[in-house]
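Student: The following block contains the structure, expressed as structure tokens.
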Amino acid sequence: MIPVQGFDGHKVAVLGLGRSGLATAKALEAGGAVALCWDDSVEARDKAEAEGLTLHDLNKGNAWDGVAALIVSPGIPHLYPEPNKLIARAMNEGVPVDNDIGLFFRSFATSEWDHLETTPLVVAVTGSNGKSTTSALIHHILETTGRPVQLAGNIGRGVLDIDQAHNGEVVVLELSSYQTDLARSLTPDVAVFTNLSPDHLDRHGGMGGYFAAKRRLFAEGGPDRAIIGVDEAEGVYLAGQLSEGATDDRVIRVSVDRKLTGPGWQVFARKGHLSEYRKGRQVASIDLRGVKGLPGSHNHQNACCAYAVCRTLGLAPRVIEQAFASFKGLPHRSQLVGDADGIAWVNDSKATNVDSAAAALQAFSNIRWIAGGLGKDGGLDALLPHLGRVTKAYLIGHSARDFALQLGDLPHEICDTMQHAVAAAARDAQSGDTVLLAPAAASFDQYPDFEKRGEDFTRLVQQHLS
């Protein structure tokens, strides 16, 4: 646990008692604060009380007397589409609002570091797609090479629930826009921006607000090194803002769309080969085509970002290449869950928007595509140019009929449920086909999260293959 610094003897309200909220309350108390906990859910309040935490109804008239700060869980809106009423009240009463990420960065370093031979480092990864795989891949590479490392944030453990840092340790954080948007302190040593595509726009008031939330990781903290995906205009803009000139190697530009040239530091992948260039010369190359845990161009971008991070941490290219080979990938992200009779079954339930689904569709051939759920603004319009490898679509969930209307002449079948879709795909699939779950939609119409959706797909596939 990371005891929170700066609130010893003060009352701190905690709103939202999920995984991060409970860890936050305990870390506050470990640092000497009085944590006053609240959640609209009776079940969540009961769980917190059972763990010895103090409940405090923030709706009451005098609830804010003497409260030094309000710490909120990332899922609670603080501005758009409208502020949560308790957050609005805190702001109106002048109570500072923060989240666990902000508390982590203000509390991670301690006076005990003065006795460490090598200062611990924080690597923070954000972006629209690929940040989980990139974070996990960085963690895997460092762990494989024997470097002490912890993985936390939007993946792994809550940031305040991790162990206090050891000598030379690296903490890898995956950070969503919900987390970076509100954190009052953001000071990573290395920061990564994978890419940007429309997502969570209602929460951020549009694309500009969404990009601004991501950009805060770089603008607020001034990382020593920034790895920036430059395949979108926003990434080019961000890299330009951070760089002092063409030869400034504090900024490493990453691409899977084109060869990057110039006197700076670049890492890019073309036709399955990763290349590192510095000062206009190639210094390393890795063939990614045989790395089973990183299929497709989108995973090659993740590999480029992770490679760049590990190079900044002093690892040699060949050491990184060896670690790539043993990476198994993450559940629900281009995860091979079955392979029989020449038919591959792939779970990419994390493809909750059209851009991530498009990346998955470009990674495979002869695709029998399971899609649908709770569709997002714009439907499938941006996905239509990427359907050339799809043999047939099997549509599920709330948006099944809307998706069907957008598919034109592409063969499709409205299945409604995952069980029906898996059965129909199994009926039609032939040797050489890939049955791919890449929903291009949220899961909340039928499942509590994308993980449960992917688990259901995997269970049904394994039943079919048994």
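Student: Give me the aspartates and glutamates in straight-line cross-link reach of K279: C-alpha distance below 16 Å, same-chain residues under 8 apart excluded.
Tutor: Correct list for K279: E244, D248, D249.
Student: Here are some pairs, K26/K47; K350/K376; K328/K452; K11/K60; K328/K350; K214/K292; which of them have Cα atoms lying more than 18 Å apart in this structure? Don't jump to the answer; show the numbers that get you there.
Tutor: Values: K26/K47 13 Å; K350/K376 14 Å; K328/K452 20 Å; K11/K60 16 Å; K328/K350 16 Å; K214/K292 30 Å.
Cα-Cα > 18 Å for K328/K452; K214/K292; rest within.
Student: Where Rh is the Kirkwood radius over the Cα pairs of region 143-288, the temperature 37 °C and the viscosity 0.692 mPa s, what D in µm²/s does Stokes-Einstein return? Intermediate results must be reported in sequence, preceding the final value.
Tutor: Values: Rh = 16.7 Å.
Stokes-Einstein gives a translational diffusion coefficient of 197 µm²/s.
Student: Follow-up question, since we're still on this one. For the chain, return all DSSP H helices satisfying: extent of Cα atoms along own axis at least 30 Å; mean Kyte-Doolittle hydropathy at least -0.5. The partial results should precede the final answer.
Tutor: Values: long enough: none.
Passing helices, by number: none.
Student: What list of whole percents do you get for P(r) of region 381-466, with Cα-Cα distances grouped in 10 Å bins up to the one holding the largest distance?
Tutor: Pairs per bin, as whole percents: 16, 51, 31, 2.
Student: Could you compute the FRET efficiency for L55 and N92, with r as their C-beta to C-beta distance and R0 at 25 Å, rounded to 0.05? Could you put the intermediate results ahead of the total?
Tutor: On the way: r = 23 Å, r/R0 = 0.92.
It comes to 0.60.
Student: Using R₀ = 30 Å, calculate the FRET efficiency as 1/(1 + (r/R₀)^6) where r is the Cβ-Cβ separation of D249 and Q322; round to 0.05. Could you put the intermediate results ahead of the total?
Tutor: Details: r = 25 Å, r/R0 = 0.83.
So the FRET efficiency works out to roughly 0.75.
Student: Treating only the Cα positions of region 312-466 as identical point scatterers, give the base-10 log of I(q)/I(0) from the Debye formula at each q in 0.11, 0.19, 0.21 Å⁻¹.
Tutor: For region 312-466, the Cα-only Debye profile gives -0.41, -1.08, -1.31.
Student: Just one of (1) 66, 54, 40; (2) 82, 59, 36; (3) 140, 59, 41 is Cα extents along the principal axes in Å as worked out from the coordinates here. Which one is it?
Tutor: Checked against the structure: label (1).
Student: Here is a follow-up. When the chain is fully extended, how far beyond the present Cα-Cα distance does K279 get from D341, taking 0.36 nm per residue of separation?
Tutor: Details: separation 62, 0.36 × 62 = 22.32 nm, distance 4.93 nm.
Full extension from K279 to D341 adds 17.4 nm.
Student: If each of Y80 and E143 carries a label point 7 Å out from its Cα toward its Cβ, how far apart are those two points in nm?
Tutor: My value for the distance between the label points is 3.6 nm.
Student: A follow-up question, please. Please name which of L70, I138, L86 has its Cα lying farthest along the dipole of region 45-179 towards the positive end, using unit charges on Cβ (Lys, Arg +1; Asp, Glu -1) and the Cα centre as origin.
Tutor: L86
Student: In vacuo Debye scattering of region 51-115, one point per C-alpha: log10 I(q)/I(0) at q = 0.12, 0.17, 0.22, 0.28 Å⁻¹?
Tutor: Taking Cα atoms of region 51-115 as identical point scatterers yields -0.41, -0.73, -1.03, -1.30.
Student: Any idea what the dipole of the chain comes to, in debye rounded to 20, about its Cα centre with Lys/Arg Cβ at +1 and Asp/Glu Cβ at -1? It would help to have the intermediate numbers written out before the result.
Tutor: Values: 43 positive and 55 negative charges, 268 e Å.
Charge dipole, the chain, about its Cα centre: 1280 debye, nearest 20.
Student: Here is a follow-up. Working out 0.36 nm times the residue gap between R427 and L387, then minus their Cα-Cα distance, what length gain in nm do you get to one decimal?
Tutor: Working: separation 40, 0.36 × 40 = 14.40 nm, distance 2.11 nm.
Taking R427 through L387 to full extension adds about 12.3 nm, to one decimal.
Student: Let's test the formula: R0 of 41 Å, r as the Cβ-Cβ distance of Q241 and N62. What FRET efficiency results, to the nearest 0.05?
Tutor: Values: r = 45 Å, r/R0 = 1.11.
Computed FRET efficiency for Q241 and N62 comes out at 0.35.
Student: Here's another thing I want to ask about it. Starting from the residue with the highest accessible area, list S275, S285 in decreasing order, probe 1.4 Å. All intermediate terms of the calculation are to be shown ahead of the outcome.
Tutor: Working: S275 15, S285 45 Å².
The most accessible residue leads, giving S285, S275.
The values are calculated or read from the model by the stated rules, or taken from the named source; none is laboratory data. In this text, all values refer to a predicted model and were calculated from it rather than measured experimentally. All Cβ positions, even for glycine, are placed from backbone atoms using ideal geometry, and neighbour counts span all protein chains on display. What goes into the accessible areas is simple: the full protein's heavy atoms, side chains included, and nothing from ligands, DNA or RNA. Shrake-Rupley method; radii C 1.70, N 1.55, O 1.52, S 1.80 Å.
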